[in-house]
Amino acid sequence: MNQDSQPVRFYDDLVRGDHVVAINFMFAQCSDICPSTTANLARVQALLGERLGRDVRMASISIDPRRDTPPILKAYARNFGARPGWQFLTGRPKDIERLRRHLGVFERDPDLDRDISQHTGMLVYGNEARGRWSRVSALADPLRIFESITRWT
């Protein structure tokens, strides 16, 4: 479910097709890396201009879905100036866990992985139609992120 309480099917609505999807994991109450990564991704959003939502879709997925309800995510997204094409998502904990595992965004040490304050600040991006996937630090220079995620559009 996105910040507007609209259901979102991860593969069908975000990934499938000849466009790039850029995915990071965050949570709204985070006082460590999340505000910095989200602010940095807002700079990437500005570089994308009209390509956002067309050639590139962005998704920030909460790793604290019990607390990050759509209204909380909507306020968080508004705080960072998120535009259409950048969705903030929540869902069932088991579905989010499966996505993190599938995308390789987890800590190998189970104790660290259970501590949501220790999550990685990676941005996973890919173009499903072209079979291309990679990752970059969500704190990297915004121009570097922009160049990385747009090379497959």
(request) Starting from residues that are assigned to a helix (DSSP H, G or I) and open to solvent by 40 Å² or more (accessible area, probe 1.4 Å), keep the ones in segment 75-93 and report whichever is farthest from S36 (Cα to Cα). (result) P93
(request) Taking I96 as meeting all but one of (1) at pLDDT below 95; (2) under 16 Å from T37 (Cβ atoms), write down the number of the exception. (result) (2)
(request) Could you run through segment 23-41 and say how many residues are among the aliphatic types (A, V, I, L, M) and closer than 14 Å to A140 by Cα? (result) 3
(request) Select from segment 3-13 the residues that are surrounded by fewer than 19 Cβ atoms within 10 Å (Cβ to Cβ) and not hydrophobic (A, V, I, L, M, F, W, C) and list them in ascending order. (result) D4, S5, Q6, P7, R9, Y11, D12, D13
(request) Kindly list, by first and then second residue, each pair from a residue in segment 121-144 that is farther than 25 Å from P35 by Cβ to a residue that is assigned to a helix (DSSP H, G or I), limited to pairs with Cβ atoms under 6 Å and residues at least 6 apart or on different chains. (result) E128/V15
(message) Here's a check for you: in segment 19-74, which residue that is part of a loop (DSSP other than H, G, I, E, B) and hydroxyl-bearing (S, T, Y) is modelled with the lowest pLDDT?
(response) S31
(message) So in segment 31-50, with the set limited to residues that are of a type in the set (S, T, Y) and open to solvent by 10 Å² or more (accessible area, probe 1.4 Å), which one is nearest to the chain's Cα centre (by Cα)?
(response) S36
(message) Regarding segment 14-30, can at least one residue be identified that is open to solvent by less than 70 Å² (accessible area, probe 1.4 Å), closer than 19 Å to P71 by Cβ and of a type in the set (G, A, S)?
(response) yes
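The values are calculated or read from the model by the stated rules, or taken from the named source; none is laboratory data. Fair warning: this is a prediction, and the values are worked out from it, not measured in the lab. All Cβ positions, even for glycine, are placed from backbone atoms using ideal geometry, and neighbour counts span all protein chains on display. All accessible areas refer to the heavy atoms of the entire protein, side chains included, with ligands and DNA or RNA removed. Shrake-Rupley method; radii C 1.70, N 1.55, O 1.52, S 1.80 Å.
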